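Structure record follows, encoded as structure tokens.
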Amino acid sequence: MGCIEQMKYEVLLKNTSFKECREYVAKNFKEVYKVKPGYKMFDVYLIGVPPISIGVDGDDVIFPYTKPCYGTFLLRIRSEEEIESLRKGEVP
Amino acid sequence: MSNALFLLGCPESPVQTAIALYLANGLKRDNIDVTVAGTKAAIALLKVSDPEGNYVRKTVDLDSCIENLAEKKVDFDLCFVFVRNDAGISYLSTLSSISDAKLFAIVFGRDADALASMIDFECEKIVYKTGHNPVPLKKRIDRVMKWDA
């Protein structure tokens, strides 16, 4: 997972599909942002079918992370910085 | 000289490496420069199958490729995305968003038809439900690339 692997993260869903991740985020989080594929978070470029849904819960961001052989994971990582960028609508 | 990117998926199905080498050979014949992006295992399969680089000379790590496309440091005329699972659809959609290349989806494996039905954006679909025998997919590629004339 590149630099994400070095971070403290929680896996909410694993070996799943982008659709299930999108539905999970819509169902479980009130604050949701839609971004395009290629949006940069934690020094990685998000892979997915647009729009990619990113949830915010307290100081945590919840986002899909795709690996070719393992499908999509829905991860939760603490980052006030990334939340700030999402709220400002910044495109890194 | 125009150029093409192959974006390989999980190399679990043997069809992928065979089709990638076949397609690279055809494009080379058409004077199209090919770069292949993929996981370490997918690239290793290609390099072991083509040790002298007769078909594929340029390879790039998948994450670096996405980064360079997203940052507009590079782009291609043609892009062939190999799709055999849901992650493949995610990569295909991403390429559709971050690249201006003419996009081809090579969809195979047991879920090929279901995966192909998820593609609702502009893209040339080359689809066959096969995991082991590359010949039906090769025939479809020949038709699309007009190599069967």
query: Among the residues of the range A:9-39, which ones are of a type outside the set (S, T, N, Q), more than 22 Å from A:ARG87 (Cβ to Cβ) and either in contact with a strand residue (DSSP E or B) (Cβ under 7 Å, 6 or more places away or on another chain) or assigned to a strand (DSSP E or B) (or both)?
result: A:VAL11, A:LEU13, A:LYS14, A:PHE18, A:GLU20
task: Looking only at the range A:79-86, decide whether some residue is closer than 22 Å to B:ALA114 by Cα, of a type in the set (Asp, Glu), in a helix (DSSP H, G or I) and away from every other protein chain (no Cβ under 12 Å).
output: no
task: Please go through the range A:11-34 and pick out each residue that is farther than 22 Å from A:TYR70 by Cβ and under 12 Å from the mean Cα position of the chain (by Cα).
output: A:VAL32, A:TYR33, A:LYS34
- line: Of (1) within 13 Å of the chain's Cα centre (by Cα); (2) touching a residue at least 40 places away in the same chain (Cβ under 8 Å); (3) more than 28 Å from B:GLY38 (Cβ to Cβ), A:LYS8 satisfies every one except (1)
statement: When the range A:53-75 is checked residue by residue, the ones that are surrounded by fewer than 17 Cβ atoms within 10 Å (Cβ to Cβ) and either touching a strand residue (DSSP E or B) at 6+ places or on another chain (Cβ under 7 Å) or outside any strand (DSSP E or B) (or both) are A:GLY58, A:ASP59, A:CYS69, A:TYR70
message: aliphatic (A, V, I, L, M) and facing chain B (nearest Cβ under 10 Å): is that true of A:VAL35 in this structure?
response: no
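Conditions (1) touching a Phe, Trp or Tyr at 6+ places or on another chain (Cβ under 8 Å); (2) in contact (Cβ under 8 Å) with a residue 12 or more places away in the chain; (3) closer than 30 Å to A:CYS3 by Cα, marked per residue:
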position	(1), (2), (3)
B:VAL48	no, no, yes
B:GLY53	no, no, no
B:GLU67	yes, no, yes
B:VAL81	yes, yes, yes
B:HIS132	no, yes, no
field: Conditions (1) in contact (Cβ under 8 Å) with a residue 60 or more places away in the chain; (2) within 14 Å of another protein chain (Cβ to nearest Cβ); (3) more than 20 Å from A:VAL49 (Cα to Cα); number of the one not met by B:ALA41
entry: (1)
message: Considering only residues that are under 15 Å from A:THR66 (Cα atoms), more than 7 Å from every other protein chain (Cβ to nearest Cβ) and touching a Phe, Trp or Tyr at 6+ places or on another chain (Cβ under 6 Å), which ones fall in the range B:83-101?
response: B:ARG84
Test for A:PHE63: is it under 20 Å from B:ASP63 (Cα atoms), within 14 Å of another protein chain (Cβ to nearest Cβ), in contact (Cβ under 8 Å) with a residue 60 or more places away in the chain and not aliphatic (A, V, I, L, M): no
field: the range B:1-39, subset in contact with a Gly (Cβ under 8 Å, 6 or more places away or on another chain) and among the aliphatic types (A, V, I, L, M), residue farthest from B:PHE82 (Cα to Cα)
entry: B:VAL15
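Bear in mind that the values in this text are calculations on the coordinates, not laboratory data. Everything quoted here is computed from the prediction, not taken from an experiment. Backbone-built Cβ (ideal geometry, glycine too); neighbour counts: all protein chains shown.
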